[in-house]
Amino acid sequence: MASSKNQSGSSNTRKPQNGKSPYRQKRNNASNPSGPSGEKPSYQERSGRGSGRPAARPPVESSAASVKSPSGSDKPLTGSLDAFSLFCAYHLGIGPNKEYKPANLNEVARRFGQDPATVRQALKECDMDSASLLDRDFDMALAQLDIQVAPEGIDRMELGKSIYEDFLAAPHVKRDWKKILDEDRKENSKIFGG
């Protein structure tokens with residue numbers, strides 16, 4: 001067995017990790033941007049090339065975006081989002097082609113060409129964020145189920161309009177969390193003992 005000696009004098013039969021392969025083609029660096037004398041570009045010159053992330057996509061035109069809110073509230077939201085379209089996409093799970101497709105905040109933001117913080121702010125402005133939903137007497141799970149099980153041929157956006165109107169008409173109920181938790185504690189002690 002022939003062994004080669006590396007620079008430190010020890011025997012090693014392994015190839016060096018960063019060794020250049022004689023079979024590998026050399027790169028043509030002529031297309032790489034460099035300064036006038038061939039050195040690397042300065043920070044300012046490099047900053048114009050972008051961050052390496054894909055550019056923000058323009059908003060996808062969907063049927064949900066073209067339907068205006070059936071309510072009388074035409075107050076503009078952050079990011080020029082429409083409250084009805086946001087309700088249908090985020091809470092009811094109505095996809096761009098009127099199919100049922102539950103979406104999280106990031107997916108809805110991507111769909112409308114916005115960043116998640118803008119969508120979150122718009123949800124808050126129209127009282128559709130998670131904290132506001134807890135203070136509404138509206139069964140969102142039942143509404144989502146209605147959309148999910150809608151039979152073929154039923155326009156989910158039309159169904160969404162009636163659900164959205166019910167949502168807007170639902171009374172605001174401030175919940176007494178201390179009372180609710182106390183009642184739950186008593187009920188749990190009856191069932192599980194304690």
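The values are calculated or read from the model by the stated rules, or taken from the named source; none is laboratory data. These figures come from a predicted structure and were not determined experimentally. Virtual Cβ from ideal backbone geometry, glycine too; neighbours counted across all protein chains shown.
So the values come out like this:
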{"item": "Any hit, the range 139-160, residues being among the basic types (K, R) and in contact (Cβ under 8 Å) with a residue 40 or more places away in the chain", "result": "yes"}
{"item": "Close pairs (8 angstrom Cβ cut-off, 6 or more residues apart or separate chains): surrounded by 10 or more Cβ atoms within 10 Å (Cβ to Cβ) in the range 172-194, part of a helix (DSSP H, G or I) anywhere", "result": "R175/L134"}
{"item": "Residue in the range 131-149 that is over 29 Å from R175 (Cβ atoms), under 21 Å from the mean Cα position of the chain (by Cα) and either surrounded by fewer than 17 Cβ atoms within 10 Å (Cβ to Cβ) or of a type in the set (A, V, I, L, M, F, W, C) (or both) present", "result": "no"}
{"item": "The range 95-134, residues that are among the polar types (S, T, N, Q) and touching a residue at least 24 places away in the same chain (Cβ under 8 Å)", "result": "N97, Q114, T118, Q121"}
{"item": "Qualifying residue in the range 69-83 (condition: at pLDDT 90 or above, of a type outside the set (D, E) and buried (at least 21 other Cβ atoms within 10 Å of the Cβ))", "result": "yes"}
